[in-house]
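S.K.: Structure below; questions to follow.
The values are calculated or read from the model by the stated rules, or taken from the named source; none is laboratory data. The shown structure was predicted, so the numbers you read here are calculated from the model rather than taken from an experiment. Don't worry about glycine lacking a Cβ; one is built from the backbone with ideal geometry, like all the others, and counts go over all protein chains shown.
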Ligand SMILES: NC(=O)c1ccc[n+]([C@@H]2O[C@H](COP(=O)([O-])OP(=O)(O)OC[C@H]3O[C@@H](n4cnc5c(N)ncnc54)[C@H](OP(=O)(O)O)[C@@H]3O)[C@@H](O)[C@H]2O)c1
């Protein structure tokens, strides 16, 4: 089978499409015939050897996937061959950019019927990350004020949808290109980060969700009320201790699980969530996808690799 692999860390040019043996699932794993696979900033970090999660080389890139169950490892009873699933491969965020991928059976779920395979592959890491930021780490409650940094991005888009539907006042930063989109997802106020400083526009907030890091994140600390929290998925915040009076900061790595995916699936069933697929490329153009992660022009939204045409049976999405 074909797989997008790296033998060295480096630029997108280190990625090679190779023929490798089709893997066999062991206990607790499923083998997925991959239809589509998402490409995200963490794939670039792994390619560069800068990920918070280290895996030995060589490795196959990719974590987000959608497809059909091809085979079950011993002890896996919750899926059947042919089931249409979406999710991620493993806690190391690797192995999905291939024609077949092994996945932990606890990290995939039945695909929402309303989503195509391409749409489904765009969802798992970013939607679950946004869910965990808001509800598990931010512990938000209706009526609170949240500032979402990087709301025009893939995690940010889900964070805005979850927050606005939970009765929060949502202040969001994005580029002007994404402002209308972010507003359409339910943000109360969108601040154009290229032209305006959010601290001159927003009130004090209860929670900051950080998808940007750096100076933007540092500035946001001054806008958090005592007792509030900054939740980052970019890196561990190292703020000035003077900024931390009665404020908590947290960084975490997303944990995509069947249970969390089922929650997200339910929201898609109720038509409460909108996915945003950007550029779609074949597996052979995975280097181009990585150049896009690095800033090359692309359609806004999640970059997805289309790996195989999988036709759903009638009535199945
Ligand atoms: N810890 C974890 O488990 C985890 C999980 C998921 C994601 N992440 C991390 O979270 C970050 C976001 O991921 P993503 O998939 O949402 O990436 P993404 O789709 O590229 O989104 C990033 C967004 O931030 C915007 N942005 C850049 N600079 C900004 C600024 N100063 N102010 C406001 N917005 C700004 C970008 O806008 P423009 O395109 O207009 O510049 C883009 O819309 C990445 O660093 C990723 O690695 C971590």
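S.K.: Based on this model, can you work out whether residue 233 counts as modelled with pLDDT of 95 or more and within 12 Å of the ligand (Cβ to nearest atom)?
M.R.: Working: modelled with pLDDT of 95 or more: yes; within 12 Å of the ligand (Cβ to nearest atom): yes.
Taking the combined requirement at face value, the residue satisfies it.
S.K.: For the stretch 184-200, which residues satisfy the criterion of being more than 13 Å from the ligand (Cβ to nearest atom) and either in a loop (DSSP other than H, G, I, E, B) or touching a helix residue (DSSP H, G or I) at 6+ places or on another chain (Cβ under 9 Å) (or both)?
M.R.: Going residue by residue through the stretch 184-200, those that are more than 13 Å from the ligand (Cβ to nearest atom) are 184, 186, 188-189, 200.
Once the filter is applied, which keeps residues that are more than 13 Å from the ligand (Cβ to nearest atom) and either in a loop (DSSP other than H, G, I, E, B) or touching a helix residue (DSSP H, G or I) at 6+ places or on another chain (Cβ under 9 Å) (or both), the stretch 184-200 yields 186, 188, 189.
S.K.: Can you name the number of the only condition in (1) on the phi < 0 side of the Ramachandran plot; (2) away from the ligand (no atom under 12 Å from the Cβ); (3) surrounded by fewer than 20 Cβ atoms within 10 Å (Cβ to Cβ); (4) in a loop (DSSP other than H, G, I, E, B) that residue 246 fails?
M.R.: The number of the failed condition is (1).
S.K.: Only one of 34, 26, 30 is under 25 Å from residue 72 (Cα atoms), more than 16 Å from the ligand (Cβ to nearest atom), assigned to a loop (DSSP other than H, G, I, E, B) and in the same structural domain as residue 77 (by TED's automatic domain parsing). Can you tell me which?
M.R.: Numbers: 34 fails: assigned to a loop (DSSP other than H, G, I, E, B); 30 fails: assigned to a loop (DSSP other than H, G, I, E, B).
Among 34, 26, 30, only 26 is under 25 Å from residue 72 (Cα atoms), more than 16 Å from the ligand (Cβ to nearest atom), assigned to a loop (DSSP other than H, G, I, E, B) and in the same structural domain as residue 77 (by TED's automatic domain parsing).
S.K.: Moving to a separate point now. Taking the stretch 107-157 as the search range and keeping residues that are assigned to a helix (DSSP H, G or I) and away from the ligand (no atom under 14 Å from the Cβ), which one is nearest to residue 180 (Cα to Cα)?
M.R.: Filtering the stretch 107-157 for residues assigned to a helix (DSSP H, G or I) gives 117-121, 124-137, 154-157.
Those left that are additionally away from the ligand (no atom under 14 Å from the Cβ): 117-120, 135.
Details: 117: 27, 118: 24, 119: 21, 120: 24, 135: 25 Å.
Here the answer is 119.
S.K.: Something else about it: Given the condition within 14 Å of residue 96 (Cα to Cα), in contact with a helix residue (DSSP H, G or I) (Cβ under 9 Å, 6 or more places away or on another chain), surrounded by 15 or more Cβ atoms within 10 Å (Cβ to Cβ) and at pLDDT 95 or above, answer yes or no: does some residue in the stretch 27-34 qualify? Steps first, please.
M.R.: First, pick out the residues of the stretch 27-34 that are within 14 Å of residue 96 (Cα to Cα): 29-34.
From what is left, the residues that are in contact with a helix residue (DSSP H, G or I) (Cβ under 9 Å, 6 or more places away or on another chain) are 34.
Remaining after also requiring surrounded by 15 or more Cβ atoms within 10 Å (Cβ to Cβ): 34.
Then drop every residue that is not at pLDDT 95 or above, which leaves 34.
Yes: the stretch 27-34 contains one or more residues that are within 14 Å of residue 96 (Cα to Cα), in contact with a helix residue (DSSP H, G or I) (Cβ under 9 Å, 6 or more places away or on another chain), surrounded by 15 or more Cβ atoms within 10 Å (Cβ to Cβ) and at pLDDT 95 or above.
S.K.: Give the residues of the stretch 209-225 that are surrounded by 21 or more Cβ atoms within 10 Å (Cβ to Cβ) and within 12 Å of the ligand (Cβ to nearest atom), sorted by residue number. Let's see the steps before the verdict.
M.R.: Our first condition is that a residue be surrounded by 21 or more Cβ atoms within 10 Å (Cβ to Cβ); within the stretch 209-225, this holds for 209-211, 217, 220, 224.
Selection gives 209, 210, 211, 217, 220.
S.K.: Right, another one. Out of the stretch 51-89, which residues are closer than 19 Å to residue 303 by Cβ and outside any strand (DSSP E or B)? Walk me through it before giving the result.
M.R.: Looking only at the stretch 51-89, we keep the residues that are closer than 19 Å to residue 303 by Cβ, and these are 51, 60-67, 86-89.
Answer for the stretch 51-89, where residues must be closer than 19 Å to residue 303 by Cβ and outside any strand (DSSP E or B): 51, 61, 62, 63, 89.
S.K.: Next question. Residue 163: touching a residue at least 24 places away in the same chain (Cβ under 8 Å) and either away from the ligand (no atom under 13 Å from the Cβ) or in contact with a helix residue (DSSP H, G or I) (Cβ under 9 Å, 6 or more places away or on another chain) (or both), yes or no? Let's see the steps before the verdict.
M.R.: Numbers: touching a residue at least 24 places away in the same chain (Cβ under 8 Å): yes; either away from the ligand (no atom under 13 Å from the Cβ) or in contact with a helix residue (DSSP H, G or I) (Cβ under 9 Å, 6 or more places away or on another chain) (or both): yes.
The answer is yes for residue 163.
S.K.: Mind checking whether some residue in the stretch 284-292 is in a helix (DSSP H, G or I), within 12 Å of the ligand (Cβ to nearest atom) and crowded, with 19+ Cβ neighbours inside 10 Å?
M.R.: Taking the stretch 284-292 as the starting set, the residues that turn out to be in a helix (DSSP H, G or I) are 284-292.
Right, trim to within 12 Å of the ligand (Cβ to nearest atom) and you get 292.
Imposing the further condition that a residue be crowded, with 19+ Cβ neighbours inside 10 Å reduces the set to 292.
Scanning the stretch 284-292, I find at least one residue that is in a helix (DSSP H, G or I), within 12 Å of the ligand (Cβ to nearest atom) and crowded, with 19+ Cβ neighbours inside 10 Å, so the answer is yes.
S.K.: In the stretch 68-89, how many residues are at positive phi and buried (at least 17 other Cβ atoms within 10 Å of the Cβ)? Break it down stepwise before answering.
M.R.: Narrowing the stretch 68-89 to residues at positive phi: 75, 82, 87.
Applying the additional criterion that residues be buried (at least 17 other Cβ atoms within 10 Å of the Cβ) yields 87.
Going through the stretch 68-89 one residue at a time, the tally reaches 1.
S.K.: Still on this structure, please answer the following. What do you reckon, is residue 152 surrounded by 24 or more Cβ atoms within 10 Å (Cβ to Cβ), without any contact (Cβ under 8 Å) to a residue 60 or more places away in the chain and within 27 Å of residue 88 (Cα to Cα)? Write out each step before concluding.
M.R.: Details: surrounded by 24 or more Cβ atoms within 10 Å (Cβ to Cβ): yes; without any contact (Cβ under 8 Å) to a residue 60 or more places away in the chain: no; within 27 Å of residue 88 (Cα to Cα): yes.
No, not satisfied.
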